[in-house]
Each structure stands twice: as C-alpha cells, then as structure tokens.
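Structure first, commentary second.
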2 protein chains.
Amino acid sequence: MSDPFVVVGADAAGLSAASKFRREAPDREVVVFEKGRWISYAFCGMPYFVEGRVERMSDLLSLSPSEVAERGIDLRRGHEVVGVNPDAKTVAVETAAGDSVEQSYDDLLVATGGRASTGPFDVRGLDGAFTLHDMDAAAAIDAYVAEPDAYDPDRADVSAVDRERVERNAAMPAPETAAIVGGGYVGVEMAEALRGRGLDVHLFHRSGHLLPDFGEAVGERVADELEAEGVTVRTNAPVEGLVGDDRIEGIAFDAAAGGGAGSETLPVDLAVVGVGIRPNTELLDGTGVETGEGGAIRTDEYGRTSLPDVYAAGDCATATHAVTGEEAWMPLGLTANRAGRAIGATVAGDPSPVGEIAGTAAVKAFDMEAARVGLIDEEAAREAGFDPVRETVTAGSRSGYYPGAAETDVTLVADRDTDRLVGGSIVGPDRAAVRIDTLATALEADMTVPEVERLDLAYAPPFSPVWDPILVAAKVLNGTLDGD
Amino acid sequence: MSDPFVVVGADAAGLSAASKFRREAPDREVVVFEKGRWISYAFCGMPYFVEGRVERMSDLLSLSPSEVAERGIDLRRGHEVVGVNPDAKTVAVETAAGDSVEQSYDDLLVATGGRASTGPFDVRGLDGAFTLHDMDAAAAIDAYVAEPDAYDPDRADVSAVDRERVERNAAMPAPETAAIVGGGYVGVEMAEALRGRGLDVHLFHRSGHLLPDFGEAVGERVADELEAEGVTVRTNAPVEGLVGDDRIEGIAFDAAAGGGAGSETLPVDLAVVGVGIRPNTELLDGTGVETGEGGAIRTDEYGRTSLPDVYAAGDCATATHAVTGEEAWMPLGLTANRAGRAIGATVAGDPSPVGEIAGTAAVKAFDMEAARVGLIDEEAAREAGFDPVRETVTAGSRSGYYPGAAETDVTLVADRDTDRLVGGSIVGPDRAAVRIDTLATALEADMTVPEVERLDLAYAPPFSPVWDPILVAAKVLNGTLDGD
C-alpha cells in the first residue's frame, strides 16, 4: 500500500472516484492526472450556456481545483498520461511543460472520457465550424454568435478557457444561418440553443427521424416542435461535407430524399457537428487490455478492466445493460458519476458494484420533453434475443377537464414469450420526461407488462389522469400480447 | 347463467366493471342500480370546479346515461338496493317512485362508494356549511361563493343537479370568510379553491401538521405554501363545533395550542367539513358479510367478499397493501377503477386479480406538488412488523445551473433488518409529484434501498440533476442503514 491510487482524468468519473476514495480511506494518497486545464465541468450544460440560459461558464463547474485540493486530492493539471505499464504498475506522464515522469500506482482508474467524433467532417482550421464536446468549443461558439460589439467577455469567466480562441471568435461578424449536423440529443439541444440566439437554424439528419435512440414516436414529435419553433428540420439529408476554405461557407448534402436534385449546398456561416463521441483509450495501447462495445474499455461489475488493479469508468468504459445483461457502451453522466464513486469505494476496501445501466436518457426541445429507456429499436431487441412487441399510445397527461392536459405518447416494448418489459419512451410537453424513471425502475426490476399495468401510480387531476399514460400503454400492449 | 351480473353503484368501480364485462361477455346481461341521479363523476375534480379552473360541471362527467346505455348496460338510476339475500341470490330494490322490486343475480358487485364523514359536526340544516363528497355539494358551494347577480347558472349544466339547492345558495349573499375543517388533501385543495375565489380562508387542522398521511416534511412545506398564498393555517387547532342556527356564523375551536385562551370562535360565513369518508355498506347488513379495515367490506385478491358470488370494489371495499401484504382501506380513484375493471373480467370468465395498492397519492397546493406512497409513519411501519429507519433530504430538481431548479424534499423509509424500502414522500414545486411513481414501482418490486440507489434514472439538466433527488435520498438513507 505504499503507492497511491492513480486516476487519469479529472471529470465526473475521475473526481467522483478520488473524492469517495479520500473519504473512505483518509490516510491513503490519491493522484489525479488531467491532461488539460478543465476539470469537473458539466458537458450536458453546454447547450444551455450557448443558449444564454446559463449566464456564466463558471456556473457549469462543479468543483474548482482548490476545492479538489481541499478534499486532499493531489490534482495535477497539464499532465497527460501517455502509457501504462501494468506489469511494473506505473504510468508514463508528459507534462504541458515538456517533462516526462513516471508514477507508480497501487490501483489505477482510467477515466479519460470521450471526444467528439467528427465522422468524415474535419472542423479543424475552419472558422465557424465546431464540435461540442469541450468547454472551449462552447465558449467559442458563444463568442462567435454574439455581435462583436455586444459580446460580454465575462460570459467565459473561467481561467482555464482558451482566451485567444474566444477573442478571435468574438471579433468575427455574428453568423446568421447555422447548420447542425446530426439529430441526436446534442444536435436537438444545439438547435434550440442557436434558435434562441436568433439564428436561422437548419438541422441535418441522415435518417428518417431525429433522436434515433428514442424511437420514431419521439423523433416525430420533437421534429414537429422544432419546426413549430422555426428550426428547419432536414431528415433523410445526409451531409456530404463542410464547404469553405478558412471559414465555413456552406453545407453540402444529399437533397434527393427531400425532393431535391441530388447534391445541394446550403450557405451557412456556422456549423456544429454532433455525430457522436468516441472513447479515449489510447493510453492503454500496447497493454493488451480488452476492449468491447464501441471500442470502449471492457469492465466488469466492479469496473475492473482485464488488467490487474486497473479500473475504467465513464465515457471510455463499457457497462452492463440492465435488460440484456450484456456489455453496452452508453456514455452518459450518471453512469460516469456512479461508476467513479463505486470504484473509489472498492479501491478503498469496500467492494461496491458500479451498477447496471438501462440507457435512461431525457432531452428537452423547446416545450417538448422526451425520454427513453432500455431497448426500443425492434432490431436491437431481436439481436438481444427478445421477440419484441411494440405499442405506442397517446394519452392525456392530466385529467381531461384540468387545464394543461397534453397529449403524451408512450411507447412500450415487451418480449412476446415472457411478457417482460424491455424498453420504452415518453414524449409530451407536460412533465413527460421524469415519467421515464417509472419505466427505468420497472425495467431494473424485470417487471412484466401485466405487472406494469397493475402498478399503483399516483392519480391527481393536475398531474395525472386516473389511468396514467404508462398504465394506458401497458393496458394496450397487454391486449396485443394476449391476442397473439 | 340465466340471471344478470348485477352492479350496485354507477361510479368508477361499478361502471368500470359493467363496461369491461359487456366487452368480454357481449351476450350476457348486466344491470347497474344507482340510488341517485349522478353517475360516473370525477369526485377528485370537484375542488377545481369550485375554484373555477373547470368551467362546467359537465366537464367532470366521464359518461352520460345514454353513453352507458350505448354500451349495452342496463342502467337504472333512482334505484336503491336496500338489501341482499345471498342464499336466494337476489337484491331488494326501492325506486325513487316508491316501488319495491326484487332482482336475481348470477354475480353481484357492491360498488356503493363512501360518504363524507362529518365527525361530530352536523352540517345539515345549516346554510353555508357543507361537506364535499357529492356533486350537489360542489354545485351549491360554487353557487354560494358567487355574488347573487354574478352567478352563471350554466356552471352547473347537468340535469342531475339539485337545481333548487343551487338556486337557494346562489341567492344568498356571497361569503367573505371561509373555514375548512380538516387538513387532509380535500381540505388543502378546497383551501386553494376558495382562496382562488377571493375568500379569506382559514384551514383548521387537529394535529401538528397538515396531510398526516404524507408525513411531516410534506405537511410543513404545504403549510408554508398555503400561508404564502394568503391562507391562514391553524394547526393544533381542534374544531369544537359549528356555530349558528339556520346559517353558519362561526367556528368554535380550541386555540390553546396556538397561544390562545382555550376555546375561541372565528366568525365565518362558509364552512367546509372534510374530515374523511366512511364506506357505504348498509345494504349488506344482516348478510353476515365480513368487514375489515375502516369498516369496509373485506375482499380477496379477486375482489370477492365472504359471500358467494358477491364482489365489492372501490371506496366501500378493502384491498391488499403492496408493502405489508395486509388488508388496507384506502379509498382512491385508481383503486376503484382498476378493481372494477378486473372484477368485470373475472365475472365474464377471465379471472383477473384486482392488484395491490401502495397508497400512492398526490396533491397540489398552489405551486407546490406533493405525493406519498407506502408506509411513511414510523408507528404504522412498526405495527406492520418493520423496524423503520427514515431520512428526509433536500435536493435540487434540476442541475443547479439550470433556471427553475427548486428544492425538492424526499423522505424515504426503510426496514432496518432487510434494507427494504417501505415508503416515501416527495414535495417541491418542480415536477415533484410524478416522481412518486418511481418509488411506487420500487415498492411494488420489493426493492431494497441499495437497489434504489443504483437505479439508472434519467439525467438532463432541465429535468433532473445527475443525482436525482430520489437517488440522493437513497444514498443518505443507505449511509444511515450502514451506520447502524
């Protein structure tokens, strides 16, 4: 026990682990290496910063470096771990100052997160083109969107920010037309954010409905809501490339599905590419560590990798799916925080499972709320060994006579043989998103649809009709299951 | 199979049963006796009608008599079942016209509901004093609250309404000061409703906190909200009597706990007594039927009473509690609808359990939302054989940086020996009430608190922080359970 617990990465998973470890094992040492300057930032809050709903970038930081130090954590920013020697139990570190050092560990946690995937679209060197997976990009977009004489530099009030990049973007004329490439949840949130800043926004999506992970019912209502708020939604419109030399000038896309004549170019002066993220695993190259879904580091129920005393957590690591029991890679905030915290306890001597994931996620699009859990796609359900039966119902969110009652669409997916619930989604403007937690809980309890139908859910006219939309959906799906 | 399925009572349970039965057994006959004129009305909507949020009384009706007839149900209003002969399998019926008839049945469902308990307070014959468990009372209060020249008779636009009573109340000068006797959920809702109509409202409650079934944490925040909206909340203020001869003049109450000198009288010109309801079981007097909790008719998992081929459902019947497995009596809307529907299916030949109840309930008080489930009171938990451990936490409803994040109090109760969750409550202004369904689902799945802590609940800044308030509460309660 002479060497410290070494953590690589100072965001959700890494700092959760280090903090828990220090609380549980106050006499032991923990070192956190972070290659950049940013720590403990809320990735999910960036669209709301760009929108202007969040006033200061510092509002998105949970912990400052000095708060981390006060917890007794040895945080070293500007330290990139470039290699791991699992036999010697050391990591190789390169500092921003150009030094190389070696650090021994008793236990190692890889919490390196992910980075924005750009697909075939290289945004580097192209002014006005961005991805959105780091705070510097958010600060730069925010500065760019403002008119040069109207930008408030206090918006990006964090010392870690790339000030030069912010100032360069602030100095450019404000854009008028924005393209979002990719209709996942970041794309949807950015469409709302930029529309909120007054831009003419075009959301490009490769396939036929937005938010593919949420299923068609959600995708359609969210698209309707975006259109109603003035966003141009272009589904079945694969983007072919970003047009421009030093500065973004247009989006080239396949307009055939939309009735156009093959390739077209839409002139834009802002482009945000949000086509997913990839796990950061390079530091383990050559170690022989096992990887799995999405190329992420394979972990077991305690977050252990295939290397001795090496753990992984967060967006770089796999997890176990609550419905399939199989390996899954779903980079989400709670997963990272929870796994980090559990690993911190385990390393401190209190073995704690990281918990399973159900893929629970929620997204807001203007006044529409959407959420999903488990397996919704029938093909994915079949691949997991289920015989999926799916129903979507539209039900009221409140008693019909109570003002504000709104159409809520609930999709439930069950396995035909066992009646087991395997997934679902909810979309609507009235308290729809938080209702997904009921389904998440039912999924983790392996409930059948008849059991869901018999749940004693709350009835009160302002919040839910006698038969909650989830109960209505379960009733209809039971009818379908019975009829087969 | 020569005799019909006879149902007594044409509200939630009775008509759910009759409708389901007709769908499942279209060739068989169903007769529904209803002693009054009203059918299928939303009791829970009455406060919102009085408040004026619901414009027309007819909005509170789910089914009209003609719609019931279209379903092939033989509905007979003004027919009171006054006795049951389980050996002959007949019911004795008295009609509003004064006739007595006898009706044979193959199966009988008693769905006679409940009636307002007045405790020691007799409101009859006292103008301006009401209970609130029937539509005529709601219509009368609404008419009374309006100034005589401002009352819109179309508000009570239902032929069944007691028109004479409405007109008499409409003609009286409008009240200025109202007393609500009883701080249960009807009392809280009526306080909001009458305040919304501009009255000076005083809410009297016998014990120290409102909404006793919801626990102290809820009671306190709801009281604060009522006070902030101008309602005078008088806890520890047992009412001693209604003062007045033909017309309510005051409320006599024990003011000692509030610092007053024993008995005091508050002058009021409107009083609503909401001190609970009692099950209507008189028609079974002399049959030897078993009764149970609250004097309600004892039923088994299929809604069967101790009499052969006689079922009971709704506010007149007991149910099985999901947490204790014991008999319980909790008159709530979903319970009635669900049990009626299940019994309809069972009688039609498809045996269907009525489902267990978890006591899930929600209430709105102005901008505050509150909900409860399971066992919250520690004494009740002990009586049920648990060793209760309870924690209340205050957590944010959204990410801290997202506007609208509001303090949400979650109370969880667990059993010390097994770590099993046995109950909980949630209160807060931001989407608090529907979150109770997560706990209701966890309760029905017999989850432990560590399992609740590992639930993969949705995180999205506008709807929930990374650690949902429920997860925060589970984490804290787990710490307490571990520490013991």
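The values are calculated or read from the model by the stated rules, or taken from the named source; none is laboratory data. Remember, predicted model here, so these are calculated numbers, not experimental data. Ideal geometry is used to build each Cβ from the backbone, glycine not excepted, and the neighbour counts take in all protein chains shown.
Here are the numbers for the structure shown:
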quantity	calculated
Single match in A:408, A:438 (criterion: part of a strand (DSSP E or B) and touching a Ser or Thr at 6+ places or on another chain (Cβ under 7 Å))	A:408
Complete set of residues in the range A:303-320 that are surrounded by fewer than 24 Cβ atoms within 10 Å (Cβ to Cβ), in contact (Cβ under 8 Å) with a residue 60 or more places away in the chain and not hydrophobic (A, V, I, L, M, F, W, C)	A:308, A:309
Residue match in the range A:175-187 (condition: on the phi > 0 side of the Ramachandran plot and of a type in the set (A, V, I, L, M, F, W, C))	no
Output for the range A:255-271, where each listed residue is free of Cβ contacts under 8 Å to residues at least 24 places away in the same chain and crowded, with 18+ Cβ neighbours inside 10 Å	A:255
Number of positions in the range B:350-368 that are assigned to a strand (DSSP E or B) and more than 18 Å from residue A:466 (Cβ to Cβ)	2
Selection status of residue B:426, under 27 Å from the mean Cα position of the chain (by Cα) and part of a helix (DSSP H, G or I)	no
Selection from the range B:463-484 of residues that are at the interface with chain A (Cβ under 8 Å from one of its Cβ atoms) and either surrounded by fewer than 21 Cβ atoms within 10 Å (Cβ to Cβ) or β-branched (Val, Ile, Thr) (or both)	B:466, B:470
Residue match in the range A:96-112 (condition: at pLDDT 95 or above, in a helix (DSSP H, G or I) and either outside the structural domain of residue A:201 (by TED's automatic domain parsing) or farther than 20 Å from residue B:401 by Cα (or both))	no
Some residue of the range A:386-399 being within 11 Å of chain B (Cβ to nearest Cβ) and crowded, with 23+ Cβ neighbours inside 10 Å	yes
Which listed residue, of B:54, B:68, is β-branched (Val, Ile, Thr) and in contact (Cβ under 8 Å) with a residue 40 or more places away in the chain	B:68
Candidate set from the range B:196-229 (those that are charged (D, E, K, R) and not in a loop (DSSP other than H, G, I, E, B)); member that is nearest to residue B:427 (Cα to Cα)	B:221
Meets criteria (within 13 Å of another protein chain (Cβ to nearest Cβ), touching a strand residue (DSSP E or B) at 6+ places or on another chain (Cβ under 7 Å) and surrounded by fewer than 23 Cβ atoms within 10 Å (Cβ to Cβ)) for residue B:415	no
Any chance residue B:143 is closer than 24 Å to residue B:118 by Cα, crowded, with 22+ Cβ neighbours inside 10 Å and free of Cβ contacts under 8 Å to residues at least 40 places away in the same chain	yes
Output for the range B:357-368, where each listed residue is in contact (Cβ under 8 Å) with a residue 60 or more places away in the chain and either at the interface with chain A (Cβ under 7 Å from one of its Cβ atoms) or on the phi > 0 side of the Ramachandran plot (or both)	B:358, B:359, B:360, B:361, B:362, B:363, B:364, B:366
Residue match in the range B:1-15 (condition: part of a helix (DSSP H, G or I) and surrounded by fewer than 24 Cβ atoms within 10 Å (Cβ to Cβ))	no
Residue B:115 vs. criteria surrounded by 19 or more Cβ atoms within 10 Å (Cβ to Cβ), under 24 Å from the mean Cα position of the chain (by Cα) and within 23 Å of residue B:59 (Cα to Cα)	no
Number of positions in the range A:377-401 that are over 30 Å from residue B:62 (Cα atoms), assigned to a loop (DSSP other than H, G, I, E, B) and touching an Asp or Glu at 6+ places or on another chain (Cβ under 7 Å)	3
Residue in the range A:54-62 that is in a loop (DSSP other than H, G, I, E, B), closer than 21 Å to residue A:345 by Cα and polar (S, T, N, Q) present	yes
Residue in the range A:428-441 that is more than 10 Å from chain B (Cβ to nearest Cβ), farther than 21 Å from residue B:358 by Cβ and either buried (at least 22 other Cβ atoms within 10 Å of the Cβ) or touching a Pro at 6+ places or on another chain (Cβ under 6 Å) (or both) present	yes
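Every residue, every condition in (1) more than 26 Å from residue B:370 (Cβ to Cβ); (2) in a loop (DSSP other than H, G, I, E, B), yes or no:
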{"site": "B:158", "(1), (2)": "yes, yes"}
{"site": "B:166", "(1), (2)": "yes, no"}
{"site": "B:170", "(1), (2)": "yes, no"}
{"site": "B:179", "(1), (2)": "no, no"}
{"site": "B:189", "(1), (2)": "no, no"}
